[in-house]
Amino acid sequence: MPKKRLQRFAKLTQPDCHWANERPRLEAALADVPMGQVVWVHGPGGMGKTTFLSHYIQNNVEHCHWYRLSSSDVDLASFFEMFSVLVEDNTKVARPYVGANQSQDPTALSARFFQEVFAAMSPNTWVVFDEAQNLSERLTLSAILAGASRALPSHLTLVYISREPPPPWAARMQLARTWTQLGPEQLRLTGLETSAILASLLGRKPTKEHTLRLYELTQGWAAAVVLLAATPIDQLCPTQMVSLRAPALFDYLSEEFFGQLSDQEQQLLISTFLLPSVTPRIASILSGNKNAGALLQGLCNKNVLVQREADIRDTLRYHGILRTFLGTKDSFIPHEKWVLRLVACADYVEKEGDVAAAAMLLEEAADRKKLVRLIRSHVGEMVTQGQWRNARELVAAYQRLGPADTDPWVSYWLGVCELNTDTQVARKRFEYSYEQFRKPKTGDRSGAYLSWARIVESLFLESGDFSQLDSWIDKYRDTRSKLGRSLSKEVLGRVTLSMFNALVFRRPDDDELRRLERRLLVFLRIAPSHDVRVM
């Protein structure tokens, strides 16, 4: 095949990246690499590997041969022929290998080929093999790169660009200190680099808020920074990824990430994306795949969108953008089976202490009954511990399921969460729960007394007009006569305090006031909840 025609192929052409932004931090790392070194640059697609290296070489390296590996290179003869044309002056040296036999030892054959080719190259030349991840599934390609690494002389630099970590044969060079590696953590954009790219794309200096939101959302993923640069700032919210509308980015994910995964990997991600982080056990429950742990680990090893959770063993976290993208994909699991998996997984994560994850799964399963049980079991403790945000989110999961007859306990805890922000709305919820708890079918002595106590609290918070307390003092005594007062110390303490305050402001001469005062002094010592003792 004529040489000039071959040189027009993309696989033999170094990308022109003169437009790329400077990255001094990474450039300094390469500037310190001596000749005779193998440089392995690896990270998921869209990390800017090829762009950075091509830009660096254009500005700092005098001679470079760039070769993009592909599936066609599994044939040794074709590879040697193509590479011979690429390096021009070494074509005659390489010709004897054009008829290479696949049955020969490919690593040894490759090493002899590169030994002759490299020897004829000019000093300070860089040889770059792009898309080296293709070697992972093809032994011939792996042999080519292993042979090239072993034949590297001291006057050249050999660079591999890959989406995957170094292969096993690289260990020997790492021990010999002839190996340099740049991984995903080094390739991630910093805040300053994100700002510089934004300025370049927008033609103006971005605001600090714009840069910060984009950086938090993308977590230094270069492709996402570029494709989201023009997205309105109100959509760049890491905590509300559902608002993200990014067709170009989603198309990129479909082509460069999701479309390259196996069916099992795709199904695993679609099954587990509801949770921001997953363990192998959770992934197995949701996907129904016993090998889910191994699949997750494989995704983590070669992808920026699936990463290990810091300091938490066997837990992997999904990038927020990936979760939003996966939400656009149709589930492959029949609805009934999917609901059963969601509920089973919710039970498991609740036992593990992750109540928020359990609520998320039960909301997806639209299981109101189990959500009510979850609320009754955990919201009280959350409120006592001051975890208001978690408590609100838990009851909000029930609300988001849409109109329904509200469970009185859900109404009560909604009111508790709203008491300091919207007193009137909170009191209406307490009044509803109070009436429901007094009914025979939904009756609950503790619920009725707690609702009554919260109603009184709301009246004190709302204004200086305490006239409504009169009717609630009478209702308390009516409730006590009908339901009795066999209550826990916690409930009795709160009710006693509310009744004492009501009598002080409306009926200071009431005979019950002195008894309540003495009881409160006792509760100050014995109440199990610090919250009640402080109150």
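The values are calculated or read from the model by the stated rules, or taken from the named source; none is laboratory data. Remember, it's a predicted structure, so these values are computed and weren't measured experimentally. Counting neighbours? That spans all protein chains shown, and the Cβs are built from the backbone with ideal geometry, glycine included. When the accessible area is computed, the model is the full protein with side chains, heavy atoms only, and any ligands, DNA or RNA have been set aside. Shrake-Rupley method; radii C 1.70, N 1.55, O 1.52, S 1.80 Å.
Structural remarks
Residues checked against (1) within 21 Å of Val226 (Cα to Cα); (2) in contact (Cβ under 8 Å) with a residue 40 or more places away in the chain:
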position	(1), (2)
Leu12	no, yes
Arg25	yes, yes
His42	yes, yes
Gly48	yes, yes
Phe52	yes, yes
Tyr56	yes, no
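- Scanning segment 46-65 for residues that are outside any helix (DSSP H, G or I), surrounded by fewer than 20 Cβ atoms within 10 Å (Cβ to Cβ) and not hydrophobic (A, V, I, L, M, F, W, C) turns up Glu62, His63, His65.
- Which listed residue is open to solvent by less than 50 Å² (accessible area, probe 1.4 Å), of a type outside the set (Val, Ile, Thr), within 30 Å of Phe430 (Cα to Cα) and part of a helix (DSSP H, G or I), from Leu401, Leu371, Leu322, Leu342: Leu371
Residue-wise test of (1) open to solvent by 20 Å² or more (accessible area, probe 1.4 Å); (2) part of a strand (DSSP E or B); (3) touching a Phe, Trp or Tyr at 6+ places or on another chain (Cβ under 9 Å).
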| residue | (1), (2), (3) |
| --- | --- |
| Ser271 | no, no, yes |
| Ala283 | no, no, no |
| Leu296 | no, no, no |
| Gln307 | yes, yes, yes |
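- Residues in segment 441-493 that are open to solvent by less than 50 Å² (accessible area, probe 1.4 Å), within 17 Å of Pro408 (Cβ to Cβ), part of a helix (DSSP H, G or I) and at pLDDT 85 or above: Ser446, Gly447, Ala448, Tyr449, Leu450, Ser451, Trp452, Ala453, Arg454, Ile455, Ser458, Thr479.
Conditions (1) open to solvent by 20 Å² or more (accessible area, probe 1.4 Å); (2) more than 21 Å from Gly320 (Cα to Cα); (3) in contact (Cβ under 8 Å) with a residue 24 or more places away in the chain; (4) in a helix (DSSP H, G or I), marked per residue:
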| position | (1), (2), (3), (4) |
| --- | --- |
| Arg177 | yes, yes, no, no |
| Leu192 | yes, yes, no, yes |
| Ala196 | yes, yes, yes, yes |
| Ser200 | yes, yes, yes, yes |
| Pro206 | no, yes, no, no |
| Glu209 | yes, no, yes, yes |
| Leu214 | no, no, no, yes |
| Leu217 | no, no, yes, yes |
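- In segment 71-129, the residues that are among the aliphatic types (A, V, I, L, M), farther than 21 Å from Trp40 by Cβ and at pLDDT 85 or above: Ala119, Ala120
- Subset of segment 35-47 that is modelled with pLDDT of 90 or more and out of contact with any Lys or Arg (no Cβ under 8 Å at 6 or more places or on another chain) - its residue that is nearest to Trp221 (Cα to Cα): Trp40
- With respect to being over 19 Å from Phe113 (Cβ atoms), at pLDDT below 75 and under 31 Å from the mean Cα position of the chain (by Cα), Ser136 fits the description.
- Only residues that are within 15 Å of Thr324 (Cβ to Cβ) and either modelled with pLDDT of 90 or more or crowded, with 20+ Cβ neighbours inside 10 Å (or both) were counted in segment 224-245, giving 5.
- Residue list for segment 22-32, restricted to those being outside any helix (DSSP H, G or I) and either exposed (fewer than 14 other Cβ atoms within 10 Å of the Cβ) or at pLDDT below 90 (or both): Glu22, Asp32
- Residue check for Leu249: in contact with a Ser or Thr (Cβ under 6 Å, 6 or more places away or on another chain), under 23 Å from Pro15 (Cβ atoms) and crowded, with 19+ Cβ neighbours inside 10 Å: no
- Of the residues examined, Phe430 is not one that is part of a helix (DSSP H, G or I), modelled with pLDDT under 90 and among the hydrophobic types (A, V, I, L, M, F, W, C).
- Across segment 33-45, the number of residues qualifying as open to solvent by 20 Å² or more (accessible area, probe 1.4 Å) and hydrophobic (A, V, I, L, M, F, W, C) comes to 2.
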